[in-house]
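**Student:** Here you go, one structure.
Taken together, the values in this text are just the output of simple stated rules run on the coordinates, not laboratory data. Note that this is a predicted model, so its numbers are computed, not measured. Using ideal geometry, Cβ is built from the backbone for each residue, glycine included, and neighbour counts are taken over all protein chains shown.
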Amino acid sequence: MPHRTASPRRLLRSLLRNQSRRRLSRPRNRLNSVPITYTSNEQVEVYRFSLPAAILAPLVAVFLQVFVPLRFHFFSYFDLPLLVVIFFGVARRNPVTGLLTGAAIGLLQDSLTGHPLGLYGIAKTVVGYGASSLGVKLDVENAGSRFLVVLFFYVVHEIVYFTVARGLVGLTLQWSWSREMGSALANAFLAVFLFALLDRFKQRT
């Protein structure tokens, strides 16, 4: 049998059909194919801590804060109890627990430093509640976000402390933005390393 060759018209029609099929198979809006990722409240990890870790970490932080500055004056720029309050707050993500943790650590710090009882207690209660409430909405697990969170809550802590000390207790304190921002930056840098160390004591719920 002789071999038949396709006519030019048939070849042109087949090419046009193939092109039309390819166009129809392509998505009309490529923007719809871009995946959108977000973190919902259910996806945020909630952690708990063993009883020894939950008790020893605040106690060590408070005792270091009380006694180390007596020998090394530069250590007074840091506030280890505040960093512990923020860490437990964003890890547990429970505003009530964060509030109680901040109140307990703050009152213990007041009792050992000779300050009027309630100054650190009130300031750290506000920070504990705020850090826990923020932890419910955001996943604060990387170094950059931790740095910014500590930077923010350190300033909040100092403003609350200054307001209560001046307004309710009547202490003569002087506010210095340069000192407070320097201390905030120092605490934020320290928190990045301290939080990485405390991460080892986390337990998933």
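**Student:** What's the Cα-based Rg to Rh of the range 98-205, Rh via Kirkwood? Provide the component values of the computation, followed by the final result.
**Tutor:** Details: Rg = 14.7 Å, Rh = 14.8 Å.
Using Cα coordinates only, the ratio equals 0.99.
**Student:** Further question: Only Lys, Arg, Asp and Glu count, each charged at its Cβ (+1, +1, -1, -1), so figure out the dipole size of the range 70-160 about its Cα centre, rounded to 20 debye.
**Tutor:** Using Cβ point charges on Lys, Arg, Asp and Glu, the range 70-160 gives about 120 debye.
**Student:** Same structure again: The range 106-205: which chymotrypsin sites (Phe, Trp or Tyr not before Pro) are DSSP loop and have at most 15 other beta-carbon atoms within 10 angstrom?
**Tutor:** Trp175
**Student:** How far, in nm, would the chain grow between Leu59 and Ser76 when pulled straight, counting 0.36 nm per residue and subtracting the alpha carbon separation?
**Tutor:** Result for the pair: 4.4 nm of gain on full extension.
**Student:** Roughly speaking, what % of Cα-Cα pairs in the range 109-156 are separated by over 19 Å, rounded to a whole number? Don't jump to the answer; show the numbers that get you there.
**Tutor:** Details: 404 of 1128 pairs.
Tail of P(r) above 19 Å: 36 percent of Cα pairs.
**Student:** Same structure, new question: Provide the per-residue ³J(HN,Hα) series for the range 48-56, in order, calculated from phi with Karplus coefficients 6.51, -1.76, 1.60 and θ = phi - 60°, each as a whole number of Hz, with x at glycine and proline positions.
**Tutor:** Whole-Hz 3J(HN,Hα) from phi for the range 48-56: 10, 10, 5, 4, x, 5, 5, 8, 6.
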